[in-house]
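Read through the structure below, which is laid out as structure tokens, and then see the notes.
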Amino acid sequence: MRYLPLAEADRQAMLRAIGSNSVEDLFVDVPEGARLSGKIEGLADHATELSVERQLGTLARRNLVAGEVPFFLGCGAYRHHIPASVDHLIQRGEFLTSYTPYQPEIAQGTLQALFEFQTQVARLYGCDVANASMYDGSTACWEAIVMARRIKRRGKTVISAGLHPHYVGVAQTMARFTGDVLDVALPELTDGAPGDDADRLLAAIDGETSAVVVQYPNILGHVRDLSEIAERAHAAGALLIAVVTEPVALGLIRSPGEMGADIVVGEGQAIGVGLNFGGPYVGLFACKEKFVRQMPGRLCGETVDADGKRGFVLTLSTREQHIRREKATSNICTNSGLCALAFSVHMTLLGEKGLRQLAELNHAKAVAAAERLSKVPGVELVSGPFLNEFTLRLRKEARPVVRAMVDRGVLGGVSLGRLYPGAEALRNGLVVAVTETVTNEDVEALAGALEETLA
Amino acid sequence: MSMNREGRPTRPEAGEGTKTDTFTGNRALMLEEPLIFELKEEEGTGVDFADAPQVESRLGGLERNRSIGIPGLSEPQTVRHYTRLSRQNYAIDLGLFPLGSCTMKHNPRLNEKVARMPGFADIHPLQPTDTVQGALGLIHMLGEWLIRLTGMHSVAMSPKAGAHGELCGLLAIRAALEARGDAREVILVPESAHGTNPATAAFAGYRVESIPANERGRVDTEALKERLGPDVAAVMITNPNTCGLFEPDMIEISEAVHAAGGLVYCDGANFNAIVGRVRPGDLGIDAMHINLHKTFSTPHGGGGPGSGPVVFSEALTPFAPLPFVEQQGEHFALIEEETAGEHHGQGFGRMTAFHGQMGMFTRAMAYILSHGADGLRQVSGDAVLNANYILRQLEDVLDAPFGDSGPCMHEALFSDCGFQGGLSTLDLAKGLIDEGYHPMTMYFPLVVHGAMLVEPTETESKEALDQFIGALRSVAERAKAGDQTLKAAPVHAPRRRLDETLAARKPVLVYKEPERAQAAE
Amino acid sequence: MSLYFTKEHEWIRVEGDTAIVGITDFAQAQLGDVVFVEVPEAGRQVTKGAEAAVVESVKAASDVYAPVSGEVVEGNQALVDAPDLVNTDAEGEGWFFRLRLSNASELDGLMDADAYRAFCDSQ
């Protein structure tokens, strides 16, 4: 078998060397009843590369590929163009098949890349420090809530209606077990400020609140200044946690850190990682310097070696599970190493100049698309500032419209009915993302499909 | 204060430096590489864009007016930067990677090819489900294989890594006990367990109590049974355990726990030792996480991403999290919050946005289909044979604390007993680096002094094993002879020993430009 | 002024109804280089045997327990900037906190210097 190098002669020689008669003898500690005498029944035998490729290729072809149709889905995962060199670099064996850098002398490649990644994330988010990544945005968001609770020793978190419902769902699931109190609400299609519930947030912050969580841009694509919420949170002794699911937006709009956010978390997928049907993604986590010892996840720090040369190591690891055990800041073991590298490589290729150009292109296309689509009979733009994602109010329920548009070869956005099943007030909402990969023809196709299905 | 047996030297000994006599500081193919922030290209970029159409801004006055501080490099510079960095890493592609409990097996490149098929890579998680039937079908197919390989009843595919999977298992257990009106407070964890076990149990709201190991390196079954009671929710067992040994009393333990009203969680990190020839379900467990990045060859990528699906017994199946894939005739449905109510009202909720690590599912599926049932059985056989070969070939020079209690499983455990001259496991490990290997797992499990855990995996040839054995023998002999030059090791690596104390006392986690750093002081 | 030791390797120097608490030289040697210390704030109530402070070295983190119950008068702020004081002068400048005892009889179970030395030898 092509992945198993031992020849039968090798096995015999090794068995002789260790004084056993057969490989089966080595499993003597397994109770007889649990020791299978042969391979597991009912499963296929080994297969050639050709065969595996064919089998899985057939499954792959049963999916409608985003790049092959007009495509407008966002809501936490964004389709951006990834330069060809990113994938080549992350597939270098020394990156792909290396391990967590616990032996720093022979892992400076990974460690230096992580240090650069941390710096890029901290700067992008407008924060002092960042960690070496987390699983994804939704778990990073929950970890931020836990961190704020630990710092403030208060039990309540106020969550903006504009936070991605999956992120809310994760927090609600965890809070059920930890006893954290979460104040949540559904978004509203408010003209001028879709999904924006600043009034509610400001009223809800009290002496029991450890943090306020606001998504920027929010689930409906809307952006708003976070400074006032930050001030009010701080005045009440609470922290502001900002969540960014579309990091490309920060190429053009102010960072949450500079507006006063204490902890900024989010999803890095949009840069370097690709859609991948939802995973693996990469959680970003940054905060103010004073909170650094409360940060979950791995941290890479600068130091020197015995020759005085600069080098990098994993540091502050006493917070982590393998040392603190039950007292750890979280149970996280893995960061999203290769995805963090992909993010970093793509970000290095872009630079802030390229990131700004990318964001400008996204915004310009989105504005043009919003204008074109709002001219379709039965379609209204829910107005308000946005970057590359906005919400339409359709004259009919959006979810069946999305289904019908697929039949016309268009993946026309995410219906709010999909994200908020049962929420009557939202059922006509359709969230449309427009990135640099969208062409004028695509927009015309979407306009046409909407017009037909809404007729 | 509570004593922790970890404490080991972290500051490099003052010693002879290895001075470089080149102008650049490079040593032929060993190239020094500055940080991107030091390459001074803030206006640079390696990506071209079409011009943006002229539109009226709708940013609501939020346009950025400050520089971000992220430099850009042209493509040639970027490729060179990361290529140079990559060459400072050890990797499986370079040589045997003996990390116990990590299962550093070869990462097949077919996996990478399959994961990148546009039909898998370029689909959005929120597309209408009938446009992604192939993807849902793959997730389902992988889940079925995992269920059959483990002999369990159902599987949760969404956890993002092993520790996340542990949390999933424990939350399902907690939900099940609460549904029974029998919420309990304590989880028992063997003292040899990996640190994620008690950390996860605490995160799930439990109090953790430790069960000692016996002198044969296994869980003290009598002590465990004595401790069971109406306050014990579950036992978390790793099997094979962290000493690389199979727990022969596993069935007895499961029965005792169930009789006392508790549930059994199995840490599946060491599944590679038994895959294809033992089904954990036959040992009476209720939940087990599987590390796709260990047993099923998805790449470690310098620290992640992983994937930690969890298999469940019939008792825990109703409490599994959302979302999951269900086959309904010819069709694959994604059961999310909306459809859960009909099928799955007791599920404990959602653990992550979207559905799970699809990119790792495709890779693991390619691996599993390539091996098949017969190949997977051979995987565990060869993995265990390789580890026993290493154990027996070295036990004359390295102390093997459980070498007399029968064969080991997929990993061999040694201790630092017999080292002279104040030399430690750390010194041996650094010496091994100079011989061209990544060291084995050190100082784990905690139950053995100066522990060294060696897991070769099944993808090593006999030649590779013999070379490794020779190298390890050589360094071990130096340690036992008290060879003080080991304290300066490694001397040939891109960096000598690094000052971890300095890094922790004065953490520098981001780059600061020299003028900025000076201004801050 | 009386000096006592606990089995958890804390020392406590009592003067009237106040006392100073730290960890012993034996403990700091086991820990290795100390990188961070978290001391309790003034006013905090501590209970005998419960966690009162945290000391982190590079590879280990340990809880420091209150040898007796009382109210914290002062945490040693010098350790914030110079955690290495715990290594260089554990039983002097490396003290952790000062407290006002609430129950002097709790001192009865603690060891004196000789008993502690014997205890360490048996470890």
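Just so it is clear, none of the values below were taken in a lab; they were calculated from the coordinates. Everything numeric in this text was worked out from a predicted model, so none of it was measured. Glycine also receives a Cβ, built like all others from the backbone with ideal geometry; neighbour counts cover every protein chain displayed.
Which whole-Hz couplings ³J(HN,Hα) result when phi for each residue of the range B:298-303 is put into the Karplus expression 6.51 cos²θ - 1.76 cosθ + 1.60, θ = phi - 60°, listed in order with x for Gly and Pro?
Whole-Hz 3J(HN,Hα) from phi for the range B:298-303: 6, x, 6, x, x, x.
Cα convex hull of the range B:425-471: mean projected area in nm², to one decimal?
3.5
Please report the equivalent ellipsoid semi-axes of the range B:447-504, computed as sqrt(5 x eigenvalue) of the Cα gyration tensor, largest first, in whole Å.
Square roots of five times the eigenvalues give 25, 16, 15 Å.
Reported to two decimal places, what Rg/Rh ratio describes the range B:73-203 when computed on Cα atoms with Rh from the Kirkwood expression?
1.06
Distance from a point 7 Å along Cα→Cβ of B:Ile251 to each backbone N in the range A:30-51: keep the residues under 15 Å and list them by number.
A:30-37, by backbone N distance to the label point.
Where in chain B are the helices, taken as whole DSSP H runs, whose Cα atoms extend 24 angstrom or more along the long axis and whose Kyte-Doolittle mean reaches at least 0.5?
Both cut-offs are met by B:133-150, B:162-179.
Taking a spot 7 Å from the Cα of A:Arg403 along the direction of its beta carbon, which residues of the range B:332-352 have an amide N less than 18 Å from it?
Of the residues in the range B:332-352, B:332-342 have backbone N under 18 Å from the label point off A:Arg403.
Over all distinct alpha-carbon pairs, what is the Kirkwood Rh of the protein assembly as shown in angstrom?
30.2
Report the Stokes-Einstein translational diffusion coefficient (µm² s⁻¹, integer) for chain B, Rh taken as the Kirkwood radius over Cα pairs, at 4 °C with viscosity 1.567 mPa s.
Rounded, D is 50 µm²/s.
Provide the FRET efficiency to the nearest 0.05 for the C:Ser69-C:Asp121 pair, computing r from the beta carbons and using R0 = 30 Å.
Efficiency, rounded to the nearest 0.05: 0.55.
Set the Förster radius R0 to 51 Å, insert the Cβ-Cβ distance between C:Thr47 and B:Ala259 as r into 1/(1 + (r/R0)^6), and round the FRET efficiency to 0.05.
0.85
Report the antiparallel proportion of the DSSP beta bridges in the range B:91-234 as a percent, rounded to a multiple of 5.
Counting only bridges with both partners in the range B:91-234, antiparallel ones make up about 10 percent.
Points 7 angstrom from Cα along the Cβ direction at B:Val55 and A:Arg372: gap in nanometres?
1.0
Counting other beta carbons within 10 Å of each Cβ, put B:Ile68, B:Ile237 in order, fewest first.
B:Ile68, B:Ile237
Roughly how many nanometres apart are two label points built 7 Å out from the Cα toward the Cβ at B:His331 and A:Ser37?
Each label point is offset 7 Å from its Cα along the Cβ direction, giving 4.5 nm.
Straight-line reach from B:Lys462: which aspartates and glutamates have a Cα under 15 Å away, not including same-chain ones fewer than 8 places off?
Within reach: A:Glu8, A:Asp10, B:Asp382.
Which distance in nm do the two modelled labels at B:Ala464 and C:Ser2 give, with both placed 7 Å along the Cα-to-Cβ direction?
The two pseudo-label positions are separated by 6.6 nm.
If you bin every alpha carbon distance in the range A:128-187 into 10 Å steps from zero, what whole percent lands in each bin?
P(r) for the range A:128-187, in whole percents per bin: 21, 54, 24, 1.
Among B:Val208, A:Val213, B:Val232, which comes first, second and so on when ranked by fewest other beta-carbon atoms within 10 Å?
So the residues, fewest neighbours to most, are B:Val208, B:Val232, A:Val213.
Arrange B:His106, B:His289 by Cβ neighbour counts within 10 Å, fewest through most, would you?
B:His106, B:His289
Give me D for chain C in µm² s⁻¹, whole number, from Stokes-Einstein with Rh from the Kirkwood sum over alpha-carbon pairs, 25 °C and 0.890 mPa s.
My calculation gives 173 µm²/s for D.
Report the dimensions of the range B:365-408 along its three principal axes from the alpha-carbon atoms, largest first, rounded to Å.
Extents along the principal axes, in whole Å: 40, 17, 13.
What number does the range B:125-261 give for Rg over Rh if you use C-alpha atoms and the Kirkwood radius?
1.04
For the range B:372-503, what relative contact order do you get, as a whole percent, if you take Cα pairs closer than 8 Å and at least 6 residues apart?
29
Please report the projected area of the range A:1-122's Cα convex hull averaged over all directions, in nm².
Average projection, Cα convex hull of the range A:1-122: 15.4 nm².
Dividing the alpha-carbon radius of gyration of the range A:9-73 by 2.2 N^0.38 Å (N being the number of residues), what value is obtained?
Against the compact-globule rule of thumb, the ratio is 2.08.
Over the Cα atoms of the range B:110-366, how large are the radius of gyration and the largest Cα-Cα distance (Dmax), in Å?
That works out to 18.1, 57 Å for Rg and Dmax.
Determine which residues of the range A:148-183 fall in the zone a paramagnetic label at C:Val80 would reach in this model, i.e. backbone nitrogen under 18 Å from the point 7 Å along Cα→Cβ.
The answer is A:151-153.
How big is the C-alpha Rg of the range A:39-98 next to the rule-of-thumb value 2.2 N^0.38 Å, as a ratio?
Dividing the Cα radius of gyration by 2.2 N^0.38 Å gives 1.68.
So what does log10 I(q)/I(0) come out to for the range B:372-503 at q = 0.14, 0.18 Å⁻¹, using the Debye formula with one equal point on every Cα and no solvent?
-0.64, -0.99
What full-extension length gain, to one decimal in nm, is calculated for B:Lys512 and B:Glu191 as 0.36 nm per residue of separation minus the Cα-Cα distance?
111.3 nm
Could you compute how fast the range A:84-346 diffuses translationally, taking Rh as the Kirkwood radius over C-alpha pairs and applying Stokes-Einstein at 25 °C with viscosity 0.890 mPa s? Give it in µm² per second.
In µm²/s, the coefficient rounds to 131.
Bin width 5 Å, alpha-carbon pairs only: give the P(r) of the range B:330-398 as whole percents, running from 0 to the bin holding the largest distance.
P(r) for the range B:330-398, in whole percents per bin: 3, 12, 11, 12, 12, 11, 12, 10, 7, 5, 4, 2, 0.
Among DSSP beta bridges lying fully in chain A, give the percent that are antiparallel, nearest 5.
60
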